[in-house]
Amino acid sequence: MNRIVPLILALMLLAAAPRSGLGQERLWTQKSGVGPSADVPVTSATFSRLAEQLLPAVVSISVKASSGRQGRFSTGNPIWDQFLGVRPERERLQEGLGTGLIIHRDGYVLTNNHVIENAVDIQVSMNDGRHLEARLIGADPRTDLALLRLEGQGGFPVAPLGDSEGLKIGEWVIAIGSPFGLSQTVTAGIISAKGRKDLSPGSGPLYENFIQTDASINPGNSGGPLINMNGEVIGINTAIVQSGQGIGFAIPSDMIKQLIPQLATGKVQRSWLGVGIQKLTDDLARSLGLRQTKGALIARIYAGSPAEAADLRVGDVVLRFGTHEIGDSSDLPWLAATAGAGVAVPLVIWRDGRTLTATVIMGTLTDGDEGQSYAPPAAAPQGRNERVDLAGMTLRNPTQEERRANGLGQALGVVVERVAPNGSAAAAGLRPGDVVLRIGYRKLGGVGELTKVVQALARGSMVSLHVLRDGEYLWVAVKV
């Protein structure tokens, strides 16, 4: 699989974010009146006109960022320091390049978080030849967005933000940026796909809903605009396929507009559901009695979370969150993050062959929440020498060391001891050392309990197994 990488020559750490003091004023322009209407043919003159209108609002960003310290601590004695060749510690700086977009006449600039991470100095070059200093207002690594402010007199040229939801595949777009340091570069292409998720650009954003384009973008384009034929910015260019030809990705403007007000305060606050989820495959859906793969399968419930308080359970499939149908599992994280802390959200879930409703009171996401672990209930100890075969694998009870290593308490679950190379378990990706916690919705206290379940299964049936592997929880479907 192609690796997706951020478009930046140097990656840096997040800097502190002061408050902007803008109050309730909206920081972007919605309508532009630039460019042709939908029924006017696009010509080469169209691209020239758009470039002329939008280039003044696109800036090149040059960053110096800290990458740690070098040298050695002084002994405190200058004679010994000279003898030992000790040099005082000094900060090491890296240089990076990127692009930004002016969205407000007072000099507010939108760019990528990875462009300005750990910046100690941010310089901006404008289309009219001016070179200005910029300071960081707010940054959000989870969406890879950042808001800067130019040090200047105001009255800056502005690029308007458009509606990314209404984009159509095949629409013409242009990209403006500074690829490889070549500032004010304009390229053209089309929208080649929408809603790209699970791309994982490097160590990049957690919330993904990328616009895909074949407009040429390269390292240095990061933070630059993707513009429709009405002269509206419908995305911020963020990532490329490292080994691909002409495939790039942009953060959609509708997502950006939700975040700008919080970036302006210096902090993005999100709501929290408290579940770990995975994508439904055809086999998993079949094993759970679902006729389609829409929804988000819960693989983990975090201790003390809103999901736990609402009695959501491992193995539930979230079909609807509020008014939004969950078409793909990756839809849920963004919906949960933007629902609002303290808001009561109705859910529709699939559990044990039927549709249920639940209401969850959303919590507040903190860095510590995602690190909380799910504590499975304890079960009665089972004999260590028992074994059972299922779907081409042999399972046994965990040893005391395995229980401690996996946080299993008293013998909850069974350990995969062997996987036959041609069996259903191998085809499903199960490995020796995996711990099976559930079969379907039933918790397993050990091999004795699993044996009873296996004896009741119909030959050829598809069953789902809840598995703990290297600290991660997942569901796997196997054929008996």
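The values are calculated or read from the model by the stated rules, or taken from the named source; none is laboratory data. This is a predicted model, so every value here is computed, not measured. Cβ coordinates were reconstructed from backbone atoms using ideal geometry, including for glycine residues, and neighbour counts include every protein chain displayed.
When Val388, Val414, Val453 are screened for being more than 32 Å from the chain's Cα centre (by Cα), closer than 28 Å to Val317 by Cα and either among the charged types (D, E, K, R) or at pLDDT below 85 (or both), only Val453 passes.
Screening Val447, Val453 for residues that are within 12 Å of Leu390 (Cβ to Cβ), in contact (Cβ under 8 Å) with a residue 40 or more places away in the chain and either touching a Leu at 6+ places or on another chain (Cβ under 7 Å) or not polar (S, T, N, Q) (or both) leaves exactly one candidate, Val447. Among the conditions (1) outside the structural domain of Leu54 (by TED's automatic domain parsing); (2) in contact with a helix residue (DSSP H, G or I) (Cβ under 7 Å, 6 or more places away or on another chain), the only one that Met229 does not satisfy is (1). Asp254 is checked against (1) within 28 Å of Arg438 (Cβ to Cβ); (2) within 18 Å of the chain's Cα centre (by Cα) and fails just one. What number does that condition carry? All conditions pass for Asp254, except number (1). Condition check for Glu25 on (1) outside any helix (DSSP H, G or I); (2) farther than 28 Å from Met255 by Cβ; (3) at pLDDT below 80: one failure, at (2). You will find that of Leu97, Leu110, Leu50, Leu54, the residue that is within 30 Å of Gly155 (Cβ to Cβ), assigned by TED's automatic domain parsing to the domain that holds Glu232, modelled with pLDDT of 95 or more and of a type outside the set (Val, Ile, Thr) is Leu110 and no other.
Selection within the range 257-283: residues that are under 19 Å from the mean Cα position of the chain (by Cα) and β-branched (Val, Ile, Thr). The member of this set that is nearest to Val109 (Cα to Cα) is Ile260.
In the range 118-138, the residue that is surrounded by the most Cβ atoms within 10 Å (Cβ to Cβ) out of those that are of a type in the set (A, V, I, L, M) and assigned to a strand (DSSP E or B) is Ile122.
Looking at Arg431, Arg459, just one residue is within 28 Å of Arg354 (Cβ to Cβ), in a loop (DSSP other than H, G, I, E, B) and either in the same structural domain as Leu288 (by TED's automatic domain parsing) or of a type in the set (D, E, K, R) (or both), and that residue is Arg459. For Gln184, the requirement of being exposed (fewer than 15 other Cβ atoms within 10 Å of the Cβ) and of a type outside the set (D, E, K, R) is not met. A single entry from Gln262, Gln212 fulfils the requirement of being of a type in the set (S, T, N, Q), part of a strand (DSSP E or B), surrounded by fewer than 24 Cβ atoms within 10 Å (Cβ to Cβ) and outside the structural domain of Ile361 (by TED's automatic domain parsing): Gln212. Output yes when any residue across the range 146-165 is part of a loop (DSSP other than H, G, I, E, B), surrounded by 16 or more Cβ atoms within 10 Å (Cβ to Cβ) and of a type in the set (Val, Ile, Thr), and no when none is. Yes, some residue in the range 146-165 is part of a loop (DSSP other than H, G, I, E, B), surrounded by 16 or more Cβ atoms within 10 Å (Cβ to Cβ) and of a type in the set (Val, Ile, Thr).
Has the range 158-170 got any residue that is at positive phi and assigned by TED's automatic domain parsing to the domain that holds Ser192? Within the range 158-170, one or more residues are at positive phi and assigned by TED's automatic domain parsing to the domain that holds Ser192.
Taking the listed residues Thr213, Thr143, Thr185, the one that is touching a helix residue (DSSP H, G or I) at 6+ places or on another chain (Cβ under 7 Å) and free of Cβ contacts under 8 Å to residues at least 60 places away in the same chain is Thr185, with no other qualifying.
Is there a residue in the range 233-251 that is surrounded by fewer than 23 Cβ atoms within 10 Å (Cβ to Cβ), in contact with a helix residue (DSSP H, G or I) (Cβ under 9 Å, 6 or more places away or on another chain) and outside any loop (DSSP other than H, G, I, E, B)? No: zero hits.
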